[in-house]
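Take a look at the structure below.
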Amino acid sequence: MALLEVEDVVAGYGAGPDILTGLSVTIEEGTSYCIVGPNGAGKSTLLRAIAGFLKPRAGEVRLDGVLMNGSRPDQMLAAGICFVPQDASLFPMMTVRENLAMGGYLVNDRALLRQRMDMVYETFPILAERRGQNAGTLSGGEQQMVTLGRALMIEPRVVMIDEPSLGLAPMIADQIFEKIRGFGALGITVVLVEQNAVKGLENVDWGIVLDLGSKDFEGPADGILADPRIRELYLGKTMSKGMT
Amino acid sequence: MAHWLQILVLGLLLGGVYAMMASGLTLLFGVMRVVNLAHAAFILIASYMTYALFEGLTLDPMISLFVTMPLMFGLGVGLYLLLFPRLEESPRYVEMTVLLTFGLALIVEGLLTFTFTGTFRSVRPEYASTSIMIGDLFVPTSQLYASLISFALLILLWVFLRFTKTGTAIRATMQNRAAAQIVGVNVRRISALSFGLGMSLAGAAGSLLSFMFPFFPARHWQWIALLLALIVLGGMGSIKGAVIGALLLAVASAFVTDLVGPTWSPITFYLTLFLILMVRPQGLFGAKVRL
């Protein structure tokens, strides 16, 4: 059974039009994914609908075969689905350590949290140096590391990361991607959304291309990157629209 | 010299009560981005409850805190759950909540006038008209008691927010609501709780004000204007700012009263507010929040 199944999901914001128009994707445990597509294709909306931030208007979201539609974000998180939104979403007036501790909000075992925090500091040594500093004073890359480290505090089964490289210098973005690649070894299934499609696909196993709110194409990431025809059809379009 | 000290002490005593009133209001703004225009009207509800308890049961106003605080907490949670969740999805959330709380203030005022008429009321326990001398300092007993209770409640609030898990979740929600949701905070539960907390502080304030100043149902407009000035000065959503702003303005207005006369005291608030906002538009401790 697939870990996460999204079936014919229709979703949109407020009274607005449907952004997702009957989208189906399947996420298998242990595979890493990158969702690519032009602006407005519904990449972020898909993540929000899975994470419980947006109630699907139709269709089903299933985790281990159990229907999860209409669950609140905290319930999805408790079920192991962690969402990292694109605007390094942290607590600016709390220290790095307090921010990480908030990541374990749903966990009550203090010893376990301490252990996980040490693990996060091992993964992101810079955060150990900055632990007493207010998160709002960190650089963009460091803030992104706080949000990723905070996600590790809950030991999620799936972490869905929206545009991890947004606003970061290429070198810093590469460091972030390297950390994300390491999540697989921790038993965490990674789902990325990336505007920079080539960069995103280079760092995952499987690519899913969205357009106009539904799935256009999916396949092994290296296959997508290697096939000049697909590259032109999907990534060329993605890239050119992404540039505007 | 002793005279200035006297003015300072009187200002600080009054400021303590203002600080508690303002911290409830700023807490609500911080967590929910709601400017609760009915906050002072809710304070008045508690004043009238205290009045009724005193007249009916001769219950000491300071004891009636144990009645008004939990009742107002319950009222706050109830009102929140009844009225606010349905507005949260709305793109006009801020405008709607301003109208909603303005309407609530009018309703409360109407109900109070209907029940208690528009006449001035005051609660007169024995200590309302006594004073004590500390050295050369003259201290009205009522203000001393009210201020001590206010500071005690503020310290409790601080300990709660700083050291408990739920308190930390409230602070996190104040700093970044979306991020709080990301880490699994049930922000609706936290909002309801904060509304209750803010209202119970209003309850305490109402009980204390009942024996400090005479009141009538329309009195809340005057209070809310003052409270809004305090929380804007401190920085919207900053409890530390609200407390310091309240003490600062209360002391300033005490000095103005002494130097130029009581007619000029209310305007001190708004003048200080204008002057400080010219230099720091986000208030003393405010982050630059977007509504």
| said: Please pick out the residue among B:Ile45, B:Ile107, B:Ile7 that is farther than 28 Å from B:Gly286 by Cβ and either free of Cβ contacts under 8 Å to residues at least 24 places away in the same chain or within 14 Å of another protein chain (Cβ to nearest Cβ) (or both). | reply: B:Ile107
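For (1) at positive phi; (2) in contact with a Phe, Trp or Tyr (Cβ under 8 Å, 6 or more places away or on another chain); (3) among the small types (Gly, Ala, Ser), each residue gets a yes or a no:
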{"position": "B:Phe29", "(1), (2), (3)": "no, no, no"}
{"position": "B:Ala38", "(1), (2), (3)": "no, yes, yes"}
{"position": "B:Ala41", "(1), (2), (3)": "no, no, yes"}
{"position": "B:Ser64", "(1), (2), (3)": "no, yes, yes"}
{"position": "B:Pro70", "(1), (2), (3)": "no, no, no"}
| said: Of the residues A:Leu54, A:Leu106, only one is open to solvent by 30 Å² or more (accessible area, probe 1.4 Å), assigned to a loop (DSSP other than H, G, I, E, B), modelled with pLDDT of 90 or more and within 14 Å of another protein chain (Cβ to nearest Cβ); which? | reply: A:Leu106
| field | Residues of the stretch A:85-100 satisfying the condition of being part of a helix (DSSP H, G or I) and of a type outside the set (A, V, I, L, M) | value | A:Arg97, A:Glu98, A:Asn99
| In the stretch A:1-39, how many residues are within 19 Å of the chain's Cα centre (by Cα) and either within 15 Å of A:Thr189 (Cα to Cα) or touching a residue at least 60 places away in the same chain (Cβ under 8 Å) (or both)? | 23
| message | Checking the condition modelled with pLDDT of 85 or more and part of a helix (DSSP H, G or I), which residue from A:Ile180, A:Ile230 passes? | response | A:Ile180
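Could you run through the stretch A:109-138 and say how many residues are part of a helix (DSSP H, G or I) and more than 12 Å from chain B (Cβ to nearest Cβ)?
Applying the first criterion (part of a helix (DSSP H, G or I)) to the stretch A:109-138 yields A:110-123, A:125-129, A:135-137.
In the following step, the residues that additionally are more than 12 Å from chain B (Cβ to nearest Cβ) were identified as A:111-112, A:114-123, A:125-129, A:137.
Result for the stretch A:109-138: 18.
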| remark: The residue that is nearest to A:Tyr121 (Cα to Cα), considering only those in the stretch A:75-90 that are facing chain B (nearest Cβ under 7 Å) and buried (at least 20 other Cβ atoms within 10 Å of the Cβ), is A:Leu90
| query | Do we find a residue being part of a loop (DSSP other than H, G, I, E, B), closer than 16 Å to A:Gly12 by Cβ, among the polar types (S, T, N, Q) and out of contact with any helix residue (DSSP H, G or I) (no Cβ under 6 Å at 6 or more places or on another chain) anywhere in the stretch A:68-75? | reply | yes
| said: Quick check on my filter: what residues within the stretch B:139-185 are more than 12 Å from chain A (Cβ to nearest Cβ), of a type in the set (S, T, N, Q) and without any contact (Cβ under 8 Å) to a residue 24 or more places away in the chain? | reply: B:Thr141, B:Thr164
| said: Just to be sure before I move on: is A:Met93 open to solvent by 20 Å² or more (accessible area, probe 1.4 Å), within 11 Å of chain B (Cβ to nearest Cβ) and touching a residue at least 40 places away in the same chain (Cβ under 8 Å) in the structure I sent? | reply: yes
| query | Looking only at residues in the stretch B:89-102 that are touching a residue at least 24 places away in the same chain (Cβ under 8 Å) and surrounded by fewer than 17 Cβ atoms within 10 Å (Cβ to Cβ), which one is farthest from B:His39 (Cα to Cα)? | reply | B:Tyr93
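Considering only the stretch A:48-86, how many residues are β-branched (Val, Ile, Thr) and more than 16 Å from the chain's Cα centre (by Cα)?
The qualifying residues number 2.
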| note | Every listed condition ((1) open to solvent by less than 40 Å² (accessible area, probe 1.4 Å); (2) at negative phi; (3) not aliphatic (A, V, I, L, M)) holds for A:Asp174 save (1)
| query | Consider A:Glu60 against the criteria (1) open to solvent by 10 Å² or more (accessible area, probe 1.4 Å); (2) more than 10 Å from chain B (Cβ to nearest Cβ); (3) part of a loop (DSSP other than H, G, I, E, B): it satisfies all of them except one. Which criterion is unmet? | reply | (3)
| For A:Gly141, are the conditions met, namely being small (Gly, Ala, Ser), part of a helix (DSSP H, G or I) and within 21 Å of A:Ala128 (Cβ to Cβ)? | yes
| message | Restricting to the stretch B:241-291, count the residues that are under 24 Å from B:Leu148 (Cα atoms), of a type in the set (Gly, Ala, Ser) and modelled with pLDDT under 85. | response | 1
| field | Given (1) closer than 22 Å to A:Ile188 by Cα; (2) away from chain B (no Cβ under 12 Å); (3) not aliphatic (A, V, I, L, M), index of the condition A:Arg72 fails | value | (2)
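The values are calculated or read from the model by the stated rules, or taken from the named source; none is laboratory data. For clarity, every value in this text was computed on a predicted model and none was experimentally measured. Counting neighbours? That spans all protein chains shown, and the Cβs are built from the backbone with ideal geometry, glycine included. We work out accessible area using only protein heavy atoms, side chains counted, and drop any ligands, DNA or RNA first. Shrake-Rupley method; radii C 1.70, N 1.55, O 1.52, S 1.80 Å.
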